[in-house]
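The values are calculated or read from the model by the stated rules, or taken from the named source; none is laboratory data. Bear in mind the structure is a predicted one, so any value in this text is a computation, not a measurement. As a convention, Cβ positions derive from the backbone with ideal geometry for all residues, glycine included, and neighbour counts pool all protein chains shown. For accessibility, only protein heavy atoms count, side chains too; no ligands or nucleic acids. Shrake-Rupley method; radii C 1.70, N 1.55, O 1.52, S 1.80 Å.
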Amino acid sequence: MAYEHMVEGVVASLLGFVFLYNVLVRRLINKKKASSSIVCAVENCVQKTGNVEVPAGSSTDIIIVGAGVAGSALAYTLGKDGRRVRVIERDLNEPDRIVGELLQPGGYLKLIELRLEDCVDEIDAQRVFGYALYKDGKNTRLSYPLEKFHSDVAGRSFHNGRFIQRMRQKSASLPNVSLEQGTVTSLLEENGTIKGVQYKTKGGEELKAYAPLTIVCDGCFSNLRRSLCDPKVDVLSCFVGLVLENCKLPHANHGHVILADPSPILFYPISSTEIRCLVDVPGQKVPSVSNGEMTHYLKTVVAPQIPSELYTAFISAIDKGNIRTMPNRSMPAAPHPTPGALLMGDAFNMRHPLTGGGMTVALSDVVVLRDLLRPLSDLYDASALCKYLESFYTLRKPVASTINTLADALYKVFSASPDPARKEMRQACFDYLSLGGIFSYGPISLLSGLNPRPISLVLHFFAVAIYGVGRLLLPFPLPKRIWTGARLISGASGIIFPIIKAEGVRQMFFPGTVPAYYRAPPIEETTKIQNTPSFFTTKQTKLYQ
């Protein structure tokens, strides 16, 4: 009984802190909204040259490098806003990847906001309503909190290539958006300003393309990011991908996470007849596929930990031999604000794909950038535009950082460890989520992208740690248990605080204190927009000047 009161007291304290924080944040947001009404539509975007020399024949407003999820979504939404968009993609054939196949409900809401929700139609996409979590023969089901949303809102899982091709087709259907196949080899720079790109066509011809703004979205293997950010790529593990055919998941329309040894195993449907299996292998080196080491590893180490309902299909998938691997990278966003260029997508920011949050971050970033660019008719003042777009890096932080931190922290918690404190943390996480109510509702809201609040993430993370300590200290707080509990708290801090530091504490938790958060578009632009509400108040205009 005392134990229950202790847990309730801790949770009540944490909830009180969350409530106080939300009140303060809402006041700050309301104050900001009262002084800054963002223009949400510009029907016609007219190209202006100002005092900048523009290459003859330039008829492009924005060049997008890469036509993956971020690039295709961005091309469509900017094209719908009247921009002349040129997309250069290395390979326009249907991609064949083993990741990027699960779109969280928060990402689907962004897809609706961008009017791209029909891209999950006609590709045999499957609706996903939550997760099933397995550990040591026990399992618990965690449902997305979708009660307040339209019945169509849910997660979606699919073949990544089919989804991307649908997005490309929709972008290319706009008359002012062009997609062409080519490999961008370098950015064209002049006096510190990016003027366009140099690329090689499919036929091998070297060409140059110019535009006042170049957006680089060339994926996790980007060869252009070094000139636009400080890339600190960490390879956390590798995914080994299999496709299971003609079998049923124990919990229909749910992703399945097995807390296996040494690290998690994922299952989720990607069509009406196929289930994707991703086996996480820690480190950068995986057993060789070619010499049979991988087959042996999967059958002897992994297969015994697979749920019995999927065991036969799992062995059959191994025997078919179509085993693929993919390194799992993490890279915090560390941009160099560069006139004439912007970095987005996996080229800019990555996290462990365990939680399937990558597409949600990318689509959220597209919405942020779209809203920032909408008031502008003139993109040719590169320095002013660069200064204005610095707000992008701050405005995206709460959503992106919450999803990034959760993904990397959860991977470390879910991975097996010989350390008793880490074992306790792992078990505490499973049991905490199994409690139901706010204990599962809160974390799954964060994971699904429906509640991307950094403070909620931190509170739930340490609530799990405190819950684990409480289990250790009851019924008797023996010295060994006290020591393990102290190490559990220390280990939890060692997991999450370095990730938060890399993401940026100020931008993540206090974005309103960052000057770029309130950055206004160039003054001359706002005066040229006709038949729309004033973008900034007189007070803000004076401050900007």
Meets criteria (within 30 Å of LEU188 (Cβ to Cβ) and among the charged types (D, E, K, R)) for ARG351:
no
Of those in the range 185-232 that are hydrophobic (A, V, I, L, M, F, W, C) and over 26 Å from the mean Cα position of the chain (by Cα), the residue most open to solvent (accessible area, probe 1.4 Å) is LEU207
Residues in the range 143-168 that are assigned to a strand (DSSP E or B) and among the charged types (D, E, K, R) total 1
Looking at this structure, is LYS412 assigned to a helix (DSSP H, G or I), without any contact (Cβ under 8 Å) to a residue 40 or more places away in the chain, within 30 Å of ALA260 (Cα to Cα) and open to solvent by 30 Å² or more (accessible area, probe 1.4 Å)? no
Considering every residue within the range 107-125, establish whether at least one is in a strand (DSSP E or B) and open to solvent by 10 Å² or more (accessible area, probe 1.4 Å).
no
*So is LEU114 touching a residue at least 40 places away in the same chain (Cβ under 8 Å) and under 30 Å from GLU309 (Cα atoms) or not?*
no
Among residues of the range 147-158 being buried (at least 17 other Cβ atoms within 10 Å of the Cβ) and not hydroxyl-bearing (Ser, Thr, Tyr), the residue farthest from LYS110 (Cα to Cα) is PHE158
Note on the range 351-360: residues on the phi < 0 side of the Ramachandran plot and open to solvent by 10 Å² or more (accessible area, probe 1.4 Å) are ARG351, PRO353, LEU354, GLY358, MET359
Of the residues in the range 379-409, those that are among the acidic types (Asp, Glu) and open to solvent by 20 Å² or more (accessible area, probe 1.4 Å) number 2
Practice task
Kindly indicate whether any position in the range 376-386 is on the phi > 0 side of the Ramachandran plot, out of contact with any helix residue (DSSP H, G or I) (no Cβ under 8 Å at 6 or more places or on another chain) and among the small types (Gly, Ala, Ser).
Solution key: no
TODO: State yes or no: is GLY512 open to solvent by less than 50 Å² (accessible area, probe 1.4 Å), part of a helix (DSSP H, G or I) and not assigned by the TED database to the domain that holds LEU457?
DONE: yes
Please verify whether SER308 is of a type in the set (Gly, Ala, Ser) and touching a residue at least 60 places away in the same chain (Cβ under 8 Å), treating the condition exactly as stated. no
Conditions (1) surrounded by fewer than 21 Cβ atoms within 10 Å (Cβ to Cβ); (2) modelled with pLDDT of 95 or more; (3) under 30 Å from VAL505 (Cα atoms) -> LEU363 fails only (1)
Flagged in the range 293-337 as surrounded by fewer than 21 Cβ atoms within 10 Å (Cβ to Cβ) and of a type in the set (Ser, Thr, Tyr), in numbering order, are THR295, TYR297, THR300, SER308, TYR311, THR312, SER316, THR325
If we ask which residues in the range 159-183 are surrounded by fewer than 18 Cβ atoms within 10 Å (Cβ to Cβ), free of Cβ contacts under 8 Å to residues at least 60 places away in the same chain and over 24 Å from GLU274 (Cβ atoms), their number turns out to be 2
Residue pairs qualifying under the 6 Å Cβ cut-off, at least six apart or on distinct chains, with the first in the range 195-220 being assigned by the TED database to the domain that holds PHE348 and the second being open to solvent by 40 Å² or more (accessible area, probe 1.4 Å) and among the aromatic types (Phe, Trp, Tyr), are LYS195/TYR210; GLY196/TYR210
Just one listed residue, out of GLY130, GLY66, is crowded, with 24+ Cβ neighbours inside 10 Å, under 21 Å from PRO353 (Cβ atoms) and small (Gly, Ala, Ser), and it is GLY66
Note on the range 85-106: residues part of a loop (DSSP other than H, G, I, E, B) and either open to solvent by 10 Å² or more (accessible area, probe 1.4 Å) or not charged (D, E, K, R) (or both) are ARG90, ASP91, LEU92, ASN93, GLU94, PRO95, ASP96, ARG97, ILE98, VAL99, GLY100, GLN104
Those residues of the range 433-458 which are assigned to a helix (DSSP H, G or I), closer than 27 Å to SER364 by Cβ and not aliphatic (A, V, I, L, M) amount to PHE439, SER440, TYR441, GLY442, PRO443, SER445, PRO454, SER456
